[in-house]
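This report concerns only the one structure given below.
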Amino acid sequence: MLNWVQQFNIFCLLDNHQYKVAPGNFEYLLAAGVSSSVDSTTANFNSIDSFLQKPQWFFGHISYDLGYSFFKMKNQKEDKTGFPDFYFFIPKIVIYIKDDQLFIEGENQQEIYEAIMNETEVVSNVNYDIEIKHRLSKKQYLEKIASLQKHIVKGDCYEINFCQEFYADNCNIDPAGVYYELTTLSPNPFSAFYRINDSYLICASPERFIVKENNKLFSQPMKGTAKRVTGNMDLDNIEKNELYLSAKDRSENVMVVDMVRNDLSKICKEGSVRVDELFGVYTYPNVHQMISTVSGELNEQVSFSEIIKATFPMGSMTGAPKKRVMELIDQYEEENRGLFSGCVGYITPAGNFDFNVVIRSILYNAATKYLSYKVGSGITFYSDAEKEWEECLLKGENIKKVLTN
């Protein structure tokens, strides 16, 4: 399917790599071709509800930068990867795997099935030696963390997710091959391979933003990261346990949980918002992550745009309080976030939806040959700037391996 879908200029492939992350319905979901679409270059986000009215499949994304408009803020920085602030499309073809069965929706189903089965498997010939540049030197990064901690001392904010960019100019990659390599190294449950013409997202995200099942919303913020110790289960379990007991990571996580509870309370029935799990530690191929789950029962007649405006950008990628932190992000980060720390996902014909958090991802523009990946961490008063720098390098390690092997 990964090879077959490349004939389309617009597609969205979502793969959970057989993780069982509840609630979840699809092992693999692929949308290809466009019947109709709406995006930020021609429409206001308020108009999206009329586009989403009919009971059918929708796929698409929301970039972090759209969140500025929700707080009546402006971001003047350029996005070099070319994704619009939002884009949703009705696909011509939807293919999914559920309960170990393959389903194809659209015309010429038998032809599509035969074409996929006759397609060659992805053979990765990725062997790049791309010069990856740091947008910030280590010295500059440490200075910015010190400045942000002064804002925390002054009471401007409690916690801020600060991100930095690694990038390459004038590089040629095979996006499908890179996606295959990256998700082989990091097979995470909210992975995505997404294309809008010349703009590609190559995503190995472990984090869910928000999911709707009937009248219930779930959000699963991730805050807290520890490295894996491969080949030594005892040391690996020590790392995992230290993450669970870490006062710094717990303080970050609970702050984001409180933000999510507050966001959901704006659109959910009074008294229905609850924390289903606090400080859950989950293991992935390269890292342990601390994840909590918050849920709420949706009020009657709440539209998709109202849900997004109440909850986006997600607290795990901003900090607390959200508006002030977004102002500081705009002030201190050197580059535009674009689709990074936004979300990609789908809406079903029944009106349910599921969106990830775009992290651990490569953004690539095939026309300009510009490649970017961003990494960040939560900064609090107690943060050690040197350790935050190391955490950023850890989060980008597999991306760098694929691009410089």
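The values are calculated or read from the model by the stated rules, or taken from the named source; none is laboratory data. Here the structure is a predicted model, which is why all the values come from computation and not from measurement. Neighbour counts are summed over all protein chains in view; Cβ atoms, including those assigned to glycine, are modelled from backbone coordinates with ideal geometry. We work out accessible area using only protein heavy atoms, side chains counted, and drop any ligands, DNA or RNA first. Shrake-Rupley method; radii C 1.70, N 1.55, O 1.52, S 1.80 Å.
Within segment 109-116, is there a residue that is more than 25 Å from the chain's Cα centre (by Cα) and either assigned to a loop (DSSP other than H, G, I, E, B) or acidic (Asp, Glu) (or both)?
Taking every residue of segment 109-116 in turn, at least one turns out to be more than 25 Å from the chain's Cα centre (by Cα) and either assigned to a loop (DSSP other than H, G, I, E, B) or acidic (Asp, Glu) (or both).
Given 223, 212, which one is assigned to a strand (DSSP E or B), in contact with a Gly (Cβ under 6 Å, 6 or more places away or on another chain) and either under 16 Å from residue 310 (Cα atoms) or among the charged types (D, E, K, R) (or both)?
Values: 212 fails: in contact with a Gly (Cβ under 6 Å, 6 or more places away or on another chain).
The unique qualifying residue is 223.
Given the criteria in contact (Cβ under 8 Å) with a residue 24 or more places away in the chain, open to solvent by less than 10 Å² (accessible area, probe 1.4 Å), of a type outside the set (Phe, Trp, Tyr) and touching a Phe, Trp or Tyr at 6+ places or on another chain (Cβ under 7 Å), does residue 378 qualify?
No: the conditions fail for residue 378.
Answer with yes or no whether residue 178 is of a type in the set (Val, Ile, Thr) and surrounded by fewer than 19 Cβ atoms within 10 Å (Cβ to Cβ). Step through it out loud before you land on a result.
Values: of a type in the set (Val, Ile, Thr): yes; surrounded by fewer than 19 Cβ atoms within 10 Å (Cβ to Cβ): no.
Spelling it out, it is not the case that residue 178 is of a type in the set (Val, Ile, Thr) and surrounded by fewer than 19 Cβ atoms within 10 Å (Cβ to Cβ).
Within segment 162-206, count every residue that is out of contact with any Gly (no Cβ under 7 Å at 6 or more places or on another chain) and part of a loop (DSSP other than H, G, I, E, B).
Counting residues in segment 162-206 that are out of contact with any Gly (no Cβ under 7 Å at 6 or more places or on another chain) and part of a loop (DSSP other than H, G, I, E, B) gives 12.
Given the structure, is residue 47 part of a helix (DSSP H, G or I) and on the phi < 0 side of the Ramachandran plot?
Values: part of a helix (DSSP H, G or I): yes; on the phi < 0 side of the Ramachandran plot: yes.
So residue 47 fits the description; yes.
Within segment 37-56, which residues are closer than 22 Å to residue 352 by Cα, touching a Phe, Trp or Tyr at 6+ places or on another chain (Cβ under 7 Å) and not acidic (Asp, Glu)? Full working, then the answer.
First, the residues of segment 37-56 that are closer than 22 Å to residue 352 by Cα: 37-39, 45-56.
Right, trim to touching a Phe, Trp or Tyr at 6+ places or on another chain (Cβ under 7 Å) and you get 37-39, 45, 48-49, 51-52.
If the condition is that a residue be closer than 22 Å to residue 352 by Cα, touching a Phe, Trp or Tyr at 6+ places or on another chain (Cβ under 7 Å) and not acidic (Asp, Glu), then 37, 38, 45, 48, 51, 52 are the ones that fit.
Kindly indicate whether residue 273 is within 22 Å of residue 21 (Cα to Cα) and open to solvent by 20 Å² or more (accessible area, probe 1.4 Å). Before the answer, list the steps.
Working: within 22 Å of residue 21 (Cα to Cα): yes; open to solvent by 20 Å² or more (accessible area, probe 1.4 Å): yes.
Answer is yes for this residue.
Quick one: in segment 8-53, of everything that is in contact with a Lys or Arg (Cβ under 9 Å, 6 or more places away or on another chain) and hydroxyl-bearing (Ser, Thr, Tyr), which residue is surrounded by the fewest Cβ atoms within 10 Å (Cβ to Cβ)?
35
Hey, can you tell me all the residues within segment 355-375 that are open to solvent by 20 Å² or more (accessible area, probe 1.4 Å) and touching a strand residue (DSSP E or B) at 6+ places or on another chain (Cβ under 6 Å)? Let's see the steps before the verdict.
Quick first cut of segment 355-375, residues open to solvent by 20 Å² or more (accessible area, probe 1.4 Å) only: 360, 366-369.
Across segment 355-375, the qualifying residue is only 360.
Out of (1) closer than 25 Å to residue 370 by Cα; (2) in a strand (DSSP E or B), what's the single condition that is false for residue 64?
Evaluating residue 64 over (1) closer than 25 Å to residue 370 by Cα; (2) in a strand (DSSP E or B) leaves (2) as the failure.
For the subset of segment 282-330 comprising residues that are among the hydroxyl-bearing types (Ser, Thr, Tyr) and assigned to a helix (DSSP H, G or I), which member is nearest to residue 268 (Cα to Cα)? Give the steps one after another, and end with the answer.
Our first condition is that a residue be among the hydroxyl-bearing types (Ser, Thr, Tyr); within segment 282-330, this holds for 282-284, 292-293, 295, 303, 305, 311, 316, 318.
Now narrow it down to the ones that are assigned to a helix (DSSP H, G or I): 305, 311, 316.
On the way: 305: 14, 311: 11, 316: 20 Å.
The extreme case among them is 311.
To keep it simple, each residue is scored yes or no on (1) in contact with a His (Cβ under 7 Å, 6 or more places away or on another chain); (2) exposed (fewer than 15 other Cβ atoms within 10 Å of the Cβ); (3) of a type in the set (A, V, I, L, M, F, W, C).
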residue	(1), (2), (3)
222	no, no, yes
230	no, yes, no
238	no, yes, yes
245	no, yes, yes
250	no, no, no
253	no, no, no
261	no, no, no
269	no, yes, no
278	no, yes, yes
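May I ask you to list pairs of residues, at least six apart or on different chains, whose Cβ atoms are under 9 Å apart, with the first in segment 11-38 being of a type in the set (Val, Ile, Thr) and the second being open to solvent by less than 20 Å² (accessible area, probe 1.4 Å) and not in a strand (DSSP E or B)?
Every condition considered, the pairs that remain are 21/189; 34/91; 38/48.
Please name all residue pairs, on different chains or six or more residues apart, with Cβ atoms under 9 Å, provided the first residue is in segment 190-204 and is within 20 Å of residue 33 (Cβ to Cβ) and the second residue is at pLDDT 95 or above and of a type in the set (Lys, Arg).
Qualifying pairs under 9 Å: 201/195.
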